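Read through the structure below, which is laid out as structure tokens, and then see the notes.
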Amino acid sequence: MATSVSKCSIENFPFTFFDSQQNPVNGTLTSDGLCIFPTANCDPSLKASDCCTVNNGSDVGRIGSNYMFVCWSFIFLPLFWALWKFYDISTPEEREQQKEEDKAKRPKFITENRHLPQSAKDFLLGLYKFGLTFQITASIMIPIFLKRSQQSNMSATERTGLAASEAFMVPFFTVFTFVEDIIMVRVSYAMSNKDRVLTDRLVHAGLAGVIVTGVAGGIVGTLLGVFTPALKALTIPGIENDKKLYPGCAFIETVDVNTILPYWLMESWELMGKQVNNVLAGFLMGALEFNLLGWISLVGHFFLAGIWFGNIKTYPNPITLLGIAEFVMDWSSPIALFLFLISPLGAQIRERTGLELSTKKVLSYFRMPLSKFRKKIVKESVDNDNEDKDTAAADDASQDTVVLLKDGLKLMFMDIVIQACMTCSVYLALNADRAVAYQITSMQSEMPTYGSAYVTGMAITAKILGPIFLSNGMERIFAQYIRLVMFCGALLMIVVCSTTVPFLDGLAYSSGTNACAYASDEQCLPYFNKVFGPNSNGEIYSLPFTYYVFPIAACIEIAVLLLRTFLLTLLDFDFMLYATIAAGISYIPSIAVVYVVPFGFQKEAIAFFAAYYVPQLVLVVCFGIRLVVVVEKLKKDEEGPWTQKKKIRRMSSMRISSMGAATKAEAKAADQ
């Protein structure tokens with residue numbers, strides 16, 4: 001008996017178990033020699049943290065994650081280099097002009113506020129310049145702590161159900177959310193060419209489109225949610241198979257789809273808010289008002305963090321709480337942006353960009369057939385004094401709209417293909433074994449910490465700076481900027497590998513903590529053993545073993561995001577589309593091998609997880625080769641997709657000017 005206590009004592013086990021008074025309890029051995037903790041306070045209705053937590057001695061994974069903060073030393077390096085380069089190549093006259101423009105762009109609600117002393121104005125103006133920095137910081141830090149908090153405060157059943165919901169919702173919403181990148185890039189080019197009319201047109205066209213798609217997405221999502229068989233199929237697939245695999249396990253038998261329903265409905269209707277925010281955020285980023293966007297966007301981040309972290313310890317259903325937090329965030333940000341842009345505070349931006357938000361403009365698009373849509377959105381922006389000019393401008397604007405829609409659809413298709421691969425992997429894993437799917441969700445919870453959150457900051461700045469470089473004829477400098485960003489991306493990959501490879505076992509125990517509750521019941525013990533191995537020995541195909549592919553997957557995500565950002569900025573949509581098709585095709589044999597071929601890794605988590613990253617690896621190769629070719633073209637000032645926009649604008653201006661000159665000549669001849 002002493003041996004069993006020693007083997008299953010909390011000093012020797014990766015997890016610490018508690019009784020109802022939160023006192024640590026030891027386990028005992030079953031007849032099969034497996035540790036079980038029957039006196040622990042574990043129940044499907046309780047949070048996993050009330051039952052057990054990872055043993056501090058086993059939590060070495062946290063040490064590695066702490067070292068990830070070294071990335072702050074270089075993720076802003078490309079931005080600082082670009083700002084220095086802009087200054088370095090400018091003439092004294094251009095620098096002086098830029099100072100005047102920057103001075104004119106300073107928010108008048110601060111500079112012209114009669115109630116503030118000058119010292120307060122100087123302080124607020126200095127703080128205002130850090131809007132983008134604070135936004136990027138929030139975009140990095142909140143997902144890291146949010147994912148970890150979800151994993152530690154939800155039960156394994158709740159976390160797996162959430163993953164199933166997200167597996168469907170992410171690609172489903174992608175069908176309706178391809179707007180921000182397109183609007184941002186197009187507005188950046190329009191603003192660089194000082195095309196105020198096109199800027200206004202793009203924003204209203206985007207708003208009209210996202211309202212339609214937002215309503216459609218909300219209705220479809222609601223119908224799927226209220227139709228119980230559909231919701232079960234989408235959120236708890238394979239539950240009957242799980243009951244056969246783990247008979248009598250209360251954590252499996254008590255799975256209830258109603259715990260997901262509130263979250264599902266809120267996610268369905270937050271889609272429109274998310275899309276409206278994407279359009280307005282894309283506009284502000286394209287107009288280089290990223291500091292303003294940063295401060296206003298912090299409103300949504302504040303609500304998300306406040307609602308989730310302020311209530312997670314007491315709220316009975318963490319999935320519903322997450323839905324509330326995300327719903328408030330996705331609606332508060334666009335509401336704040338909209339109110340600012342239509343208020344007197346936004347007059348300065350309206351004057352500079354030409355944007356005049358009008359409900360009438362947006363609603364008028366709904367009263368016309370699609371065939372007339374393109375004609376309508378240009379009538380507000382042409383000069384009616386000259387019919388030829390009007391026709392030329394209308395043709396040009398129509399072409400802009402067609403390009404916007406085509407590029408948006410291409411980007412949508414690319415996102416859907418990649419997300420569909422993950423969806424397929426998760427759903428097949430859920431149908432095979434819930435414990436297998438849980439391993440995937442555990443690794444996903446750590447992905448923001450190790451790379452994906454940090455690389456987001458570099459991607460945001462690249463989207464902002466790329467159109468500025470290209471619109472001002474700085475192709476060679478942009479090529480240097482690309483190389484610097486990719487170098488920083490390589491540094492990020494090195495840090496990721498250095499902070500994960502030595503700590504894989506600790507990472508597995510930390511991210512999989514809420515599955516420890518399954519070791520409290522003999523009927524549920526096989527689930528625990530499937531996740532961590534018998535007595536948490538980390539045998540083959542358990543979570544510690546599956547983590548071997550985690551550093552590779554994290555590096556692939558970093559590379560894909562950076563490469564995709566640059567090709568998107570370069571408007572290379574056609575190549576991206578073809579590469580994505582090839583990547584999607586590569587997934588078919590990969591997942592077929594995992595699910596059908598009777599190898600040892602058949603239907604195991606490591607195989608499902610790796611199969612999803614095969615298409616992304618294909619994208620890394622294709623995008624990487626393409627970017628190398630494009631950089632060489634940029635260095636030689638050769639033409640490419642990024643030059644087509646400027647050529648179209650130049651030709652349009654020449655055509656309108658020539659028509660105006662011809663009209664004047666005809667009028668002069670008539671007078672004579």
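The values are calculated or read from the model by the stated rules, or taken from the named source; none is laboratory data. This is a predicted model, so every value here is computed, not measured. So basically every Cβ, Gly included, is an ideal-geometry build from the backbone, and we count neighbours across all protein chains shown. Quick note on the areas: whole protein, heavy atoms, side chains included, nothing else; ligands and nucleic acids left out. Shrake-Rupley method; radii C 1.70, N 1.55, O 1.52, S 1.80 Å.
Residues considered: Pro24, Pro44. Of these, the only one that is in contact with a helix residue (DSSP H, G or I) (Cβ under 9 Å, 6 or more places away or on another chain) and not basic (Lys, Arg) is Pro44. When Thr456, Thr499 are checked against the criterion of being among the β-branched types (Val, Ile, Thr) and open to solvent by 10 Å² or more (accessible area, probe 1.4 Å), a single residue qualifies: Thr456. Among helices (runs of 4 or more DSSP H) entirely within region 499-618, having at least 3 residues that are within 28 Å of Ile460 (Cβ to Cβ) and not aromatic (Phe, Trp, Tyr) singles out 550-569, 573-595. Residue selection: Glu351 satisfies the criterion of being in a helix (DSSP H, G or I), acidic (Asp, Glu), without any contact (Cβ under 8 Å) to a residue 40 or more places away in the chain and within 23 Å of Phe283 (Cβ to Cβ). Only residues that are in contact with a helix residue (DSSP H, G or I) (Cβ under 9 Å, 6 or more places away or on another chain) and of a type outside the set (S, T, N, Q) were counted across region 84-102, and they come to 5. If you go through region 192-206 and pick out every residue that is among the acidic types (Asp, Glu) and not in a helix (DSSP H, G or I), you end up with 1.
Each row is one residue, and each column tells you yes or no for (1) more than 26 Å from the chain's Cα centre (by Cα); (2) at pLDDT 85 or above; (3) open to solvent by less than 10 Å² (accessible area, probe 1.4 Å).
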position: Met443; (1), (2), (3): no, yes, yes
position: Ile468; (1), (2), (3): no, no, no
position: Phe487; (1), (2), (3): no, yes, no
position: Gly512; (1), (2), (3): no, yes, yes
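In region 594-620, the qualifying residues are those that are in contact with a helix residue (DSSP H, G or I) (Cβ under 9 Å, 6 or more places away or on another chain) and surrounded by fewer than 15 Cβ atoms within 10 Å (Cβ to Cβ), and the one that is nearest to Asn431 (Cα to Cα) is Gln602. Where helices (runs of 4 or more DSSP H) fall entirely within region 68-141, those with at least 1 residues that are open to solvent by 50 Å² or more (accessible area, probe 1.4 Å) and closer than 20 Å to Ala462 by Cβ are at 77-88. Only one of the numbered conditions (1) surrounded by 16 or more Cβ atoms within 10 Å (Cβ to Cβ); (2) without any contact (Cβ under 8 Å) to a residue 40 or more places away in the chain is violated by Leu322, and that is (2). Across region 36-53, the qualifying residues are those that are among the β-branched types (Val, Ile, Thr) and under 16 Å from Glu522 (Cβ atoms), and the one among them that is most open to solvent (accessible area, probe 1.4 Å) is Thr39. Can you name every residue in region 142-157 that is outside any helix (DSSP H, G or I) and either hydroxyl-bearing (Ser, Thr, Tyr) or closer than 24 Å to Phe290 by Cβ (or both)? The one that is outside any helix (DSSP H, G or I) and either hydroxyl-bearing (Ser, Thr, Tyr) or closer than 24 Å to Phe290 by Cβ (or both): Ser155.
Exactly one residue out of Gly473, Gly451 is at positive phi and open to solvent by 30 Å² or more (accessible area, probe 1.4 Å), and it is Gly473. Does at least one position in region 36-44 carry a residue that is at pLDDT below 85 and within 32 Å of the chain's Cα centre (by Cα)? Yes, region 36-44 contains a residue that is at pLDDT below 85 and within 32 Å of the chain's Cα centre (by Cα). If only residues of region 325-373 that are more than 15 Å from Val276 (Cα to Cα), surrounded by 14 or more Cβ atoms within 10 Å (Cβ to Cβ) and among the small types (Gly, Ala, Ser) are counted, the one that is modelled with the highest pLDDT is Ala325.
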